[in-house]
Amino acid sequence: MAAKTKRKKPKKSPSRAKASAARPARKAKSAKPQRAGGTDPVRVAQILQKLDEAYPNATCELKHDNAFQLLISTILSAQCTDVRVNQVAETLYKKYPDAKAFAYATPSELEQDIRPTGFFRNKTKSVMGASKAILEKFGGEVPRTMEEILTLPGVARKTGNVVLGTAYGIASGVVVDTHVLRLSNRLDLSRNEDPKKVEQDLMEIIPREKWIQFSHQLIWHGRRVCHARKPKCIECNMESLCYAKDKTV
Ligand code: SF4
C-alpha cells in the first residue's frame, strides 16, 4: 500500500493578505433595535404602581353586554370616540340584537345606522363580514383565541386584544391604540413607532397578569392627563419618573 502524502495548505500570497486586511469588517447581519432606556424593571414596576394608584378601576369605556357587542363596538370605534360609539350602540343593539341580525342586515340600512361613527361603508362590510364568520365558522360565539379572532373581517390585533382581554379576561397581548403608542414613547418603554413592535416591547417588560389592566390604565391616562398636545404634567403622578421631551413642567 502506498503511503499517503499530506497536502500542504497553499500560503496566502502577500498581495491577497494585504487586500483582505484592507477590507472593511462585515456589518452584523441583524442589528437589534435599541432597547428603550426606561425599561429597567425597577422603573417599570414604579410606573405600574403609579398607574394602579391613579386608575385602580380602569376598564374599557365601550358599553357592552357581551363579547359580540364589544367586538362590534370596537370595530365601530376606529377613528371615532368611544362616547360617539356608545351613543350609536344604544339603539343599534336593540335593532340588531345578535350576530344573525347583523349578518343578514340590509347593508344600505346598516350603513345609515352606523353613519355617525364615520367610515360607515367599510365598517358595515367589516361588521357584516365578522358576524357572518362568527355564525358560520364559530357557532355564533366570538372565538377565544387570537389566532381565530384575527380571521374575522375587520379585526386586527388591537381589536382582538380588546375583546379577548375585556370580555373574556384572556391576556393575549397588550392593546396598542393611539394613547398606548404615544405614552409608551413618552415614558420610554418603547422606541418603536409600529404598534406591533410596541406591543412586543411592552409584552417583554410588563408581567403578563398586568397586560389587560395596563392597557386600560394607559388609555385612561392618555385621555385624562397625558394628552397628545399639552399634556397636563402638573397633574401627573408619574412626573418624577418621566423624562419626555414634550413634558410641560
Ligand atoms: S409627566 Fe407629562 S408627559 Fe410624562 S407621562 Fe405625565 S403627563 Fe405624560
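Right, Ser240: buried (at least 21 other Cβ atoms within 10 Å of the Cβ), over 20 Å from Ile72 (Cα atoms) and among the small types (Gly, Ala, Ser) or not? For Ser240, the condition - buried (at least 21 other Cβ atoms within 10 Å of the Cβ), over 20 Å from Ile72 (Cα atoms) and among the small types (Gly, Ala, Ser) - is not met. Residues that are charged (D, E, K, R) and either touching a residue at least 24 places away in the same chain (Cβ under 8 Å) or open to solvent by less than 60 Å² (accessible area, probe 1.4 Å) (or both) within the stretch 219-228 comprise just one, Arg223. Residues in the stretch 205-249 that are of a type in the set (S, T, N, Q) and over 20 Å from the mean Cα position of the chain (by Cα) were compared, and the one that is nearest to the ligand (Cβ to nearest atom) is Thr248. Every listed requirement among (1) at pLDDT below 95; (2) open to solvent by less than 20 Å² (accessible area, probe 1.4 Å) is met by Ile149 save one, (1).
A residue that is in a loop (DSSP other than H, G, I, E, B), without any contact (Cβ under 8 Å) to a residue 60 or more places away in the chain and open to solvent by 50 Å² or more (accessible area, probe 1.4 Å) occurs somewhere in the stretch 158-179. Report yes if some residue within the stretch 130-140 is over 16 Å from Ala67 (Cβ atoms) and not β-branched (Val, Ile, Thr); otherwise report no. Looking for residues that are over 16 Å from Ala67 (Cβ atoms) and not β-branched (Val, Ile, Thr), one finds at least one in the stretch 130-140, hence yes. In the stretch 229-249, the residues that are more than 16 Å from Gln217 (Cα to Cα) and in a helix (DSSP H, G or I) form Cβ pairs under 8 Å with partners that are at pLDDT 95 or above and more than 8 Å from the ligand (Cβ to nearest atom), at six or more places apart or across chains, as follows: Leu241/Arg43; Leu241/Gln46; Leu241/Ile47; Leu241/Lys50.
The values are calculated or read from the model by the stated rules, or taken from the named source; none is laboratory data. None of the values given here were measured: they were computed from a predicted structure. As a convention, Cβ positions derive from the backbone with ideal geometry for all residues, glycine included, and neighbour counts pool all protein chains shown. Accessible surface is based on the protein model in full, side chains and every heavy atom, while ligands, DNA and RNA are left aside. Shrake-Rupley method; radii C 1.70, N 1.55, O 1.52, S 1.80 Å.
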